[in-house]
Amino acid sequence: MGLVKRTHKGPLRDVLARNMRRLRAARGLSQEALAHECGINRTYLSGVERSERNVSIDNIARIAKGLRVSPSKLLEE
């Protein structure tokens, strides 16, 4: 059985997750609805919202577009 490579969880993941939840709730979207808006798999999006995924900058841009905010808004403390 192989080892799973894990990346160190940095604090920016938590910032992204909090902002995603807050903005998604403000728009009244479920995770499934946001995933559809973004064109991202719902389980992947859920992992990002739980700070479990090391999300790419391209996916941050897709999530921001789905939330109708600039990508920088998702990374602001």
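I'd like the residue in segment 12-46 that is of a type in the set (D, E, K, R) and free of Cβ contacts under 8 Å to residues at least 40 places away in the same chain and, out of all such residues, is least open to solvent (accessible area, probe 1.4 Å). Going through the qualifying residues, I end up with D14.
Give segment 39-65 a look and list any residue that's over 20 Å from G10 (Cα atoms) and either charged (D, E, K, R) or at pLDDT below 95 (or both), or say none. The answer is R42, R62, K65. Among the residues making up segment 47-77, those that are surrounded by 15 or more Cβ atoms within 10 Å (Cβ to Cβ), touching a residue at least 40 places away in the same chain (Cβ under 8 Å) and not in a loop (DSSP other than H, G, I, E, B) are I60, I63, L67, L74.
The values are calculated or read from the model by the stated rules, or taken from the named source; none is laboratory data. Since the model is a prediction, treat every value here as computed from it, not as a measurement. Using ideal geometry, Cβ is built from the backbone for each residue, glycine included, and neighbour counts are taken over all protein chains shown. SASA here: full protein model, heavy atoms, side chains in, ligands and nucleic acids out. Shrake-Rupley method; radii C 1.70, N 1.55, O 1.52, S 1.80 Å.
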